[in-house]
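I have placed the structure first, in the form of structure tokens, so that the comments after it can refer back to it.
The values are calculated or read from the model by the stated rules, or taken from the named source; none is laboratory data. Please read these numbers as outputs of a predicted model, since none were measured by experiment. Please note: Cβ atoms are built from the backbone with ideal geometry, for glycine as well, and neighbour counts cover all protein chains shown. Side chains are part of the model used for accessible areas, which takes the heavy atoms of the whole protein and leaves out ligands, DNA and RNA. Shrake-Rupley method; radii C 1.70, N 1.55, O 1.52, S 1.80 Å.
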Amino acid sequence: MMDDTTVDTGRAAGKTAGTHLRFIVIGAGMSGILSAIKLQEAGFDDFVIYEKADRPGGTWRENTYPGIACDVPSHFYSYSFALNPDWSHRFSPGAEIQAYFEDVVRRYGLASRIQCRKEVARCVFANRRWTIEMTDGSADAGDFVIAATGVLHHPAYPDIEGLNSFAGAAFHSARWDHAVPLAGKRVGVIGTGSSAIQIVGALVGEVKELVLFQRTAQWIMPMGNPAYSEEEKAAFRKHPEAIDELRSEVTRMFTDGFANHLADVNSPQLRGIHDACVANLEHSVKNPELREKLRPTYRAACKRLIMSENFYDAIQRPNARLVTERIECVGASGVRTSDGCLHELEVLILATGFHVDRFVRPMQVMGRDGAALDDVWKDGPFAYLAISVPDFPNFFMLNGPNSPVGNFSLIDVAELQFAYIMQLIEQVRSGACREVSASRAAMERFDIERKAAAKTTIWNSGCKSWYLDANGLPTAWPWTYDHFKAEMRAPRLGDFEIR
């Protein structure tokens, strides 16, 4: 990992005259750690991070299933201010990413700032301050709340008849039970999202039989994942600027070759990605019947694009089976499908995704004049520029509703968002105001424009995915990534209610 030095964030330089402010950061995952570091750099010394789990790390702490890895290149999925010359692979495994975040916490002296096993149950705004109540009965108060609660942290369990009657071990992929032996077992995996694809590739060589229950086929983008040699790591350590150059190259390729084209369903770049996925399927899967079962009926990138170097090989192994018949029920000995077949299993893995519309919930958030976020979001979550909700002053979200999600570096997204939020905070620190939140007019305009733009995105091209709201409209950032970066450069203060 990185070196053993600690980082001087230059707090003294940021201690300019102005209002004393206290910050409450909710969540010690990637965004919460980022928030704390940036607050320190800006000279704010009165802040705390509340984390519901026993240690920091967020999604990389929660997800420990076999094969877990990031599908964003390692040197891009890193803080811009905490580069890591020692990534083992182009796409790093989950445990390595978790260790990276823990090391950043150590290097920046954040351990004493994080209060673990502290789950925030309620946030109430009154008298220009936020009061925070915990599930353990304790409380706190501050001027700002930074909600760094993440997106994929509430597992979604399938509604399958008899699931609780299964006699073997059954667990969600995000709640992996490492005490359950898998070697030589008959294992079933329900789901075909990113987690399931990684699990299949990791387990098929260990188990006696692997049965993958597929409701929807996925396009698979071929992905090489070479290891960095010791010589390459040494070169990165000696010349950190080489990492910056690599990041710039990856950013350019990602933005120009992918992210800037998601907004245009007719983009030639998206057609090229689709053709690459088709070629991968055609060249990799030899059995015609299996190939057609694995062939999706929608455009590549309509769902979150899945990248894998071993899934097609894994699903063609002699001990692997793909089941496309609908699951009818689960019994004590296995899964019964609509064709009447009982698939006998000893372990059942639920790789069935997450509730992606929760964000800060189930935490209760009460804003100005008793506004309840649950009521405001009754038809679905939203936020102006993915950051602020009207009538919830000094309450800002990172990777909130309508953010760029999916095949993006959410670290890069959060860094851009926090730089934007910091400019709003400076309005309060300077004494210009005490409260900042998006105006209702700005929120309404943004939502109208967002919904109109969403109709021409690849996500609206004819598939069902977690990108879609209850009305079938994509909720993710519907414009180019360059447009997102431009919006994050500086707030338009006229779009905010400032008091």
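Any residue at all in segment 232-255 that is in contact with a Ser or Thr (Cβ under 6 Å, 6 or more places away or on another chain), open to solvent by less than 70 Å² (accessible area, probe 1.4 Å) and of a type outside the set (Asp, Glu)? No, that holds for no residue. Evaluate segment 342-354: report whether one residue or more is touching a strand residue (DSSP E or B) at 6+ places or on another chain (Cβ under 8 Å), farther than 27 Å from SER284 by Cβ and not in a strand (DSSP E or B). Scanning segment 342-354 turns up at least one residue that is touching a strand residue (DSSP E or B) at 6+ places or on another chain (Cβ under 8 Å), farther than 27 Å from SER284 by Cβ and not in a strand (DSSP E or B).
For segment 180-192, the condition holds for at least one residue, the condition being that it is open to solvent by 20 Å² or more (accessible area, probe 1.4 Å), under 20 Å from ASN63 (Cα atoms) and not polar (S, T, N, Q). Quick one: is THR64 buried (at least 19 other Cβ atoms within 10 Å of the Cβ) and under 28 Å from ALA202 (Cβ atoms)? When the stated conditions are applied, THR64 does not pass them. Among all residues of segment 142-158, there is none that is over 30 Å from SER465 (Cα atoms) and surrounded by fewer than 19 Cβ atoms within 10 Å (Cβ to Cβ).
A quick yes/no check of all residues on (1) without any contact (Cβ under 8 Å) to a residue 12 or more places away in the chain; (2) within 25 Å of ILE315 (Cα to Cα):
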position: PHE258; (1), (2): no, no
position: LEU262; (1), (2): no, no
position: ARG271; (1), (2): yes, no
position: HIS274; (1), (2): no, yes
position: ALA279; (1), (2): yes, yes
position: GLU282; (1), (2): yes, yes
position: VAL285; (1), (2): no, yes
position: PRO288; (1), (2): yes, yes
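Condition first: crowded, with 22+ Cβ neighbours inside 10 Å and part of a loop (DSSP other than H, G, I, E, B). Now tell me which residues in segment 85-101 satisfy that. Across segment 85-101, the qualifying residues are TRP87, SER92.
Is there a residue in segment 52-59 that is buried (at least 18 other Cβ atoms within 10 Å of the Cβ), in contact with a helix residue (DSSP H, G or I) (Cβ under 7 Å, 6 or more places away or on another chain), in a loop (DSSP other than H, G, I, E, B) and at negative phi? There is at least one residue in segment 52-59 that is buried (at least 18 other Cβ atoms within 10 Å of the Cβ), in contact with a helix residue (DSSP H, G or I) (Cβ under 7 Å, 6 or more places away or on another chain), in a loop (DSSP other than H, G, I, E, B) and at negative phi.
Would you check if LYS455 is free of Cβ contacts under 8 Å to residues at least 60 places away in the same chain, more than 21 Å from VAL376 (Cα to Cα) and open to solvent by 70 Å² or more (accessible area, probe 1.4 Å)? Yes: the conditions hold for LYS455.
Of the listed requirements (1) outside any helix (DSSP H, G or I); (2) under 30 Å from HIS343 (Cβ atoms); (3) in contact with a strand residue (DSSP E or B) (Cβ under 6 Å, 6 or more places away or on another chain), CYS277 misses just one: (1). The sole residue among GLY353, GLY431 that is out of contact with any His (no Cβ under 8 Å at 6 or more places or on another chain) and surrounded by fewer than 19 Cβ atoms within 10 Å (Cβ to Cβ) is GLY431.
Within segment 416-443, residues that are outside any helix (DSSP H, G or I) reach partners that are hydroxyl-bearing (Ser, Thr, Tyr) and open to solvent by 50 Å² or more (accessible area, probe 1.4 Å) with beta carbons closer than 9 Å, at six or more positions or on different chains, in the pairs SER430/THR16; SER430/THR19; GLY431/THR19; ARG434/THR19.
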